[in-house]
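First the structure, in the form of structure tokens, and then the observations on it.
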Amino acid sequence: MPEMDEGEVIDQPLTAIAEAFEELSKWMKENNDGKHIRLDTFCEAASLVSVLFRCLGLAFKFAELEYVAKLEGLLEASKTCPTLKDILEVDVASDTVKQSGSYSRNLRRVRQGLDLVRAIFEQLLSTEDSSLKEVASTAYGQVCAPFHTWAVRTAVYAGMYTLPTREQLLMKLNETEQSAEKKMKRYIAASHPIIEYIDSLYLSRNITLDW
């Protein structure tokens, strides 16, 4: 996966994200529920999501930085771990699953990033409010807040006041309300089985998801 240049512009990032996850989801269904999802392919699709955090500005700067750092860790892991399943097997064998910087921890955080975007999209689809404060606060509270320190949570919630308006976000994404709605629904549907599969890698090894 080529590194995402900070200045690289994707004309319609929602299209790229929806298509990438639909391809991954389709591959899973055609290949025994994705028992051997290639890590480099997963990283390529997941890398497209970081632009959304960037579009949300300061409030999600921490989420963007953490997401990108963990994704780079997974990309490095793909040199020795061809599949997502291999990541867990390596860390379980060395008893480093929850250790800071481990491949399994990186995967867990990237999975949370994907789920955060899913939650933001669901909240956006449930309201026509021009302000994104409630949308973003609810999504963050559902997905990430339980795993962040008080200091991080405080900084994120304080930053909610700097969020772009709904109209400004759509402009940054080069979308209309109608086109964005269709693509958000596509991402939600396509990402769901992938997120579930990642969770199953931990649960099938009796590793809880409360970290």
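The values are calculated or read from the model by the stated rules, or taken from the named source; none is laboratory data. Note that the structure is a prediction, hence the values are computed from the model and not measured. Here Cβ is always computed from backbone atoms with ideal geometry, including for glycine, and neighbour counts include all displayed protein chains. In case anyone asks, the SASA skips ligands and DNA or RNA and just uses the protein heavy atoms, side chains included. Shrake-Rupley method; radii C 1.70, N 1.55, O 1.52, S 1.80 Å.
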(request) May I ask you to verify whether residue 110 is among the β-branched types (Val, Ile, Thr) and at pLDDT 95 or above? (result) yes
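Within region 15-42, take every residue that is assigned to a helix (DSSP H, G or I) and polar (S, T, N, Q) and give me the one that is modelled with the lowest pLDDT. Break it down stepwise before answering.
Quick first cut of region 15-42, residues assigned to a helix (DSSP H, G or I) only: 15-30, 32-34, 39-42.
Now restrict to residues that are polar (S, T, N, Q): 15, 25, 32, 41.
Working: 15: 96, 25: 91, 32: 67, 41: 93.
Of everything passing the filter in region 15-42, 32 is modelled with the lowest pLDDT.
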**Prompt:** Within region 154-164, is there a residue that is modelled with pLDDT of 95 or more, out of contact with any helix residue (DSSP H, G or I) (no Cβ under 7 Å at 6 or more places or on another chain), open to solvent by 30 Å² or more (accessible area, probe 1.4 Å) and part of a helix (DSSP H, G or I)?
**Reply:** no
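Could you say whether any residue in region 60-68 is open to solvent by 60 Å² or more (accessible area, probe 1.4 Å) and in contact (Cβ under 8 Å) with a residue 12 or more places away in the chain?
Our first condition is that a residue be open to solvent by 60 Å² or more (accessible area, probe 1.4 Å); within region 60-68, this holds for 61-62, 65.
Filter once more, keeping what is in contact (Cβ under 8 Å) with a residue 12 or more places away in the chain: 61-62.
Looking for residues that are open to solvent by 60 Å² or more (accessible area, probe 1.4 Å) and in contact (Cβ under 8 Å) with a residue 12 or more places away in the chain, one finds at least one in region 60-68, hence yes.
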Condition set in contact (Cβ under 8 Å) with a residue 40 or more places away in the chain and surrounded by fewer than 21 Cβ atoms within 10 Å (Cβ to Cβ), scope region 119-137, selection farthest from residue 187 (Cα to Cα): answer is 125
Scanning region 3-14 for residues that are open to solvent by less than 100 Å² (accessible area, probe 1.4 Å) and either in a loop (DSSP other than H, G, I, E, B) or farther than 16 Å from residue 50 by Cβ (or both), the one modelled with the highest pLDDT turns out to be 12
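Yes or no, residue by residue, for (1) surrounded by 14 or more Cβ atoms within 10 Å (Cβ to Cβ); (2) β-branched (Val, Ile, Thr); (3) closer than 30 Å to residue 87 by Cβ:
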| residue | (1), (2), (3) |
| --- | --- |
| 146 | no, no, yes |
| 180 | yes, no, no |
| 188 | yes, yes, yes |
| 191 | yes, no, yes |
| 199 | yes, no, yes |
| 202 | yes, no, yes |
| 206 | no, no, yes |
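Residue under question is residue 140, and the condition is that it be at pLDDT below 95, open to solvent by less than 10 Å² (accessible area, probe 1.4 Å) and at negative phi; does it hold? Step through it out loud before you land on a result.
Values: at pLDDT below 95: yes; open to solvent by less than 10 Å² (accessible area, probe 1.4 Å): yes; at negative phi: yes.
Criteria met by residue 140.
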